[in-house]
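Shown next, in structure tokens, is the structure this report addresses.
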Amino acid sequence: MQDAAPKTIYLKDYTPFGWIIDDVHLTFRLHPTATRVISRIRFRPNPETTDRTFFLHGEALKPISAKVDGHEVALRNVDGGIEADVPNAPFNWEAEVEINPEANTALEGLYMSGGMYCTQCEAEGFRKITWYPDRPDVMAKFTVRIESDAEHTPVMLSNGDGLFYEQDSTQTPAPNVSIYQDPWPKPAYLFALVAGDLVAHEDSFTTMSGRKVDLAIWVRPGDEHKCAFGMEALKKSMTWDEEVYGREYDLDEFNIVAVDDFNMGAMENKGLNIFNSSCVLASPETSTDGNFERIEAIIAHEYFHNWTGNRITCRDWFQLCLKEGLTVFRDAQFTADMRSEPVKRIEDVLALRGRQFPEDQGPLSHPVRPESFQEINNFYTATVYEKGAEVIGMLKTLVGDTAYAKALDLYFERHDGQACTIEDWIAVFEESTGRDLSQFKLWYAQSGTPKVTVREEYKDDVFTLHLSQSSAATPGQDSKAPQVIPVAVGLLNDNGDEVVPTQILELTEAEQAFSFTGHATRPVPSVLRGFSAPVTLEQNVDDARRAFLLAHDTDPFNRWEAGRMLARGSLMATIRDGAAPNADYLDGLKSLLTDDTLDPAYRTLMLGQPSQSELAGLLHQAGETPDPDAIHTASEALRDAKAQSWADILPDLYAANQVDGPFSPDAEAAGKRSLANSALMLLTRIEGGALAATQYAKADNMTLQLSALSALLDADAGDEALAAFYDQWRDDRLVIDKWFSMQVIHAKPEAVADTAHRLTNHIDFDWKNPNRFRAVMGVLAGHHAGFHNKSGAAYTLLADWLIKLDPVNPQTTARMCSAFQTWKRYDAHRQTLIQTQLERIAGQATLSRDTAEMISRIRGV
Ligand code: BES
Ligand code: ZN
């Protein structure tokens, strides 16, 4: 709970810990309400500092005993832990504490989920397990002994390799004992323990040097049939990291465990990854193509952390992007290789614009490497992750692929086993390339989305691009220096032939000109190809130019972007003046939709249009006040116009993209299903739902079933299917999450709050489960017109539930507060409504540090 005065931690205050730990021995005597944790730790003075303060973190621990070199020692309670008097020499620490896993609803530390014990220690959860220097720069080798009764916990796992498993008949009743040893020094945040009645889906992998690794995905009995896809994804990830980064796995076993109650998606604990069941369990009947794609990516992500995060970790939590930005970048490369590079790039840009831009353009804006925080859990953000990954991508673009590979080799070689900083990372690139990256480093320090403005000039066969950059003020940063912005540019002639292939312009000044000589006719530039930098682009381009690029651009990203800009312009004109949807856009897109040389997944993305919240953000950027109802109406009108003007091709598009034969989640089949589904959604607007009802009845996989249900709900014809869906899936939690979400997604704006409220009274609304909570409240917050309905009912409902959840699960509550981050975009009436709710939350007698920090940053107080 919140301290009287919230404490702020600063990057500039970093000091090393006074002690070094070589070995840690932990013994767990598991009990649902009274688990004993015994720690034996060898400490020795850290020669890099003279400060010998002996402070160990600890939170909600019941002390049993503490000894130094075998003698009971007095502990002083200090803020966030304990201190003790210890010799200025090596010594042995031995302590015993008691903790209560069953009472742990925050899902941080050791807790119980569905009868099984599990842990989540990143970022600062290990301190809820035992007294320890819970900071990532303290790395040690762990040996873990787990004792429990054989009946409830036949399986007991920890990090590293299992050494021993048997019953200890010297104790009564005789417990099961399992011992794990992790030979690799690691910070406490990578510690994990799992115990319960679990079954394994097993396999093995032989590494490039010929070592055999035992692989297992552990699930509750009944979920065994949902493991095969995850296992294949794991093996693909292991192979890919060997082939592309030369990184080999380093233990004899690798375990993944699925748990139902989990705040995040998944966690990379050394050798024992723990996953939210929604991010690993998959079967054709219960998972959509989107689920399969996400599961493959997240398994890769956590696996890749073994090198970028675990073998090389972070010195302190300000360096979070060192492991997360790099690992997101690596998992994106993996997905691009496994599936389609342009499709993945477009999906990532959509996510960046959908989540990171609003963050960077509002009160929560912070640098990729923040300089202060109150609660580190609040900084696992789109900026640290997604913009952090973009920064790595720009670095690779600037130095080139070969230099990037060489720098990464040096990084792994030089820093293996260390806890590092962004400075270490940059130094590796500077040394291996000879480049001065001091200006590039601003990407880590300056917050906000830079704006790049393009002006064209053509004179005497010289074509010139005048580029300028600027960046608006963000919290704590009033003025900014120019950054290094790689702008990928190609030139086309009037026929659409590429006359200058993609090259990288390095924009380093506030204003710069780049000339291309020898152009007898005026070329058409394609700027910021592949979205080569996370910026907004201001370019005076008319619809005819956009239509030309939509038809001809040789860069698939910019070709998609041209269509996007046309859609944007069309929607803005409807919102502002009630203009009819742009017919040239509809015609241009129509000819692409039926172009069978284009990947169906790519065509599906072409069919999409800017989200309502993106449009609200654009209007706000343009100095206007977005009206959520007008935005909603315009978006629907554009969809109706698509349905009308493509009526003649939609049935064929639907038919041509049916997939025969047994279900496979591969990219090609998934792409066809997504295009057919887009066609179905539009067709249903014309014919009212007969086709969707047929698809629903015949569907033998979740992708087809759910898309049919979507179309029916969209057409107000989904009641029967919705009831049938519930009856069919009432025993499958992950599918029932979809059942909840669907109803909120497809509610009319004025009915969204009521729908969500009604669902919170449903018997299956288990609000303490983060997935279920998000399935209703997260989706409510994402329904732009519904959340911002002028009644204010949705604001109040979300605030009610955040207040209720906060004492139970601060982390999930705090993350969801960001629903309010865009409040300053809207009119005075809505602003007042939101402020009232923010003040109501802030005014709670007790508020977690997590939520208190988020609300005060959002309010700007
Ligand atoms: N290390 C994180 C998990 C984590 C996040 C732990 C926040 C503690 C606090 C993990 O590697 C991660 O980044 N997971 C992401 C998914 C990933 C594919 C980006 C997640 O859980 O959303
Ligand atoms: Zn991660």
- Message: Restricting to the stretch 6-58, count the residues that are closer than 20 Å to Asn100 by Cβ and more than 33 Å from the chain's Cα centre (by Cα).
- Response: 7
- Query: With respect to Gln333, is the statement that it is among the polar types (S, T, N, Q) and within 14 Å of ligand 1 (Cβ to nearest atom) true?
  - Reply: yes
- Note on the structure: Among the residues of the stretch 809-818, the number that are more than 16 Å from the chain's Cα centre (by Cα), within 19 Å of Val779 (Cβ to Cβ) and part of a helix (DSSP H, G or I) is 2
- Query: Does any residue in the stretch 343-360 that is farther than 15 Å from Thr604 by Cα come within less than 8 Å, Cβ to Cβ, of a residue that is among the basic types (Lys, Arg) six or more places away or on a different chain, and which pairs are these?
  - Reply: Leu352/Lys387; Gln356/Lys387; Asp360/Lys387
- By my count, helices (runs of 4 or more DSSP H) wholly in the stretch 591-705 with at least 3 residues that are open to solvent by less than 20 Å² (accessible area, probe 1.4 Å) are 600-607, 612-621, 628-645, 667-687
- Query: In the stretch 135-189, which strands (runs of 3 or more DSSP E) lie fully inside it and hold 1 or more residues that are within 16 Å of ligand 1 (Cβ to nearest atom) and either among the β-branched types (Val, Ile, Thr) or closer than 30 Å to Tyr14 by Cβ (or both)?
  - Reply: 176-186
- Task: Sort out which residues of the stretch 33-76 are over 21 Å from Glu124 (Cα atoms), touching a residue at least 40 places away in the same chain (Cβ under 8 Å) and in contact with a Gly (Cβ under 9 Å, 6 or more places away or on another chain), and write them in order of number.
- Result: Pro45
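Yes/no matrix, rows are residues, columns are (1) under 33 Å from the mean Cα position of the chain (by Cα); (2) in contact (Cβ under 8 Å) with a residue 40 or more places away in the chain:
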site	(1), (2)
Met565	yes, no
Ile575	yes, yes
Pro581	no, yes
Tyr602	yes, yes
- Tally, over the stretch 1-30, of residues that are touching a residue at least 40 places away in the same chain (Cβ under 8 Å), open to solvent by 60 Å² or more (accessible area, probe 1.4 Å) and part of a loop (DSSP other than H, G, I, E, B): 6
- Task: Of the numbered conditions (1) open to solvent by less than 60 Å² (accessible area, probe 1.4 Å); (2) in a loop (DSSP other than H, G, I, E, B); (3) of a type outside the set (S, T, N, Q), Leu56 fails exactly one; give the number of that condition.
- Result: (2)
- Task: Would you mind stating whether Leu272 is open to solvent by less than 10 Å² (accessible area, probe 1.4 Å) and touching an Asp or Glu at 6+ places or on another chain (Cβ under 8 Å)?
- Result: no
- Counted residues, the stretch 174-198 - those being crowded, with 20+ Cβ neighbours inside 10 Å and acidic (Asp, Glu): 1
- Task: Report the residue count in the stretch 819-843 for those that are open to solvent by less than 50 Å² (accessible area, probe 1.4 Å) and not in a helix (DSSP H, G or I).
- Result: 4
- Message: Please go through the stretch 60-80 and give me each residue that is open to solvent by 70 Å² or more (accessible area, probe 1.4 Å), in a loop (DSSP other than H, G, I, E, B) and touching a strand residue (DSSP E or B) at 6+ places or on another chain (Cβ under 8 Å), ordered by number.
- Response: Ala60, Asp69
- Message: When you scan the stretch 226-234, do you find a residue that is away from ligand 2 (no atom under 16 Å from the Cβ), charged (D, E, K, R) and more than 24 Å from the chain's Cα centre (by Cα), even just one?
- Response: no
- Counting only residues that are farther than 22 Å from Thr684 by Cα and not in a helix (DSSP H, G or I), how many does the stretch 706-746 have? 3
- Item | Any hit, the stretch 642-665, residues being within 22 Å of Val744 (Cβ to Cβ) and not polar (S, T, N, Q) | no
- Query: So is Asn771 in contact (Cβ under 8 Å) with a residue 60 or more places away in the chain and part of a helix (DSSP H, G or I) or not?
  - Reply: yes
- Message: Among the listed residues Glu232, Glu224, Glu253, Glu243, identify the single one that is closer than 27 Å to Asp416 by Cα and surrounded by fewer than 16 Cβ atoms within 10 Å (Cβ to Cβ).
- Response: Glu243
- Query: Has the stretch 83-101 got at least one residue that is touching a His at 6+ places or on another chain (Cβ under 7 Å), in contact (Cβ under 8 Å) with a residue 24 or more places away in the chain and not hydroxyl-bearing (Ser, Thr, Tyr)?
  - Reply: no
- Item | Filter pass, Asn46 being more than 16 Å from ligand 1 (Cβ to nearest atom), surrounded by 14 or more Cβ atoms within 10 Å (Cβ to Cβ) and not hydrophobic (A, V, I, L, M, F, W, C) | yes
- Among the numbered conditions (1) buried (at least 20 other Cβ atoms within 10 Å of the Cβ); (2) away from ligand 2 (no atom under 16 Å from the Cβ); (3) part of a helix (DSSP H, G or I), tell me where Ser237 comes up short. (2)
- Message: Within the stretch 255-293, take every residue that is over 24 Å from Arg311 (Cα atoms) and of a type in the set (A, V, I, L, M) and give me the one that is nearest to ligand 1 (Cβ to nearest atom).
- Response: Val259
- Query: Of all residues in the stretch 844-861, which are among the basic types (Lys, Arg) and either surrounded by fewer than 16 Cβ atoms within 10 Å (Cβ to Cβ) or within 16 Å of ligand 1 (Cβ to nearest atom) (or both)?
  - Reply: Arg849
- Sort through Phe164, Phe91 and tell me the only one that's of a type in the set (Phe, Trp, Tyr) and at pLDDT 95 or above. Phe91
- Can you give me the ranges of the helices (runs of 4 or more DSSP H) entirely in the stretch 359-446 with at least 2 residues that are open to solvent by less than 10 Å² (accessible area, probe 1.4 Å) and within 16 Å of ligand 1 (Cβ to nearest atom)? 388-399
- Message: Checking Phe91 against (1) loosely packed, with under 14 Cβ neighbours inside 10 Å; (2) more than 40 Å from the chain's Cα centre (by Cα); (3) under 18 Å from Asp22 (Cβ atoms): exactly one of these is not met. Which one?
- Response: (1)
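The values are calculated or read from the model by the stated rules, or taken from the named source; none is laboratory data. Please read all numbers here as calculations on a predicted model, not as lab measurements. Backbone-built Cβ (ideal geometry, glycine too); neighbour counts: all protein chains shown. Side chains are part of the model used for accessible areas, which takes the heavy atoms of the whole protein and leaves out ligands, DNA and RNA. Shrake-Rupley method; radii C 1.70, N 1.55, O 1.52, S 1.80 Å.
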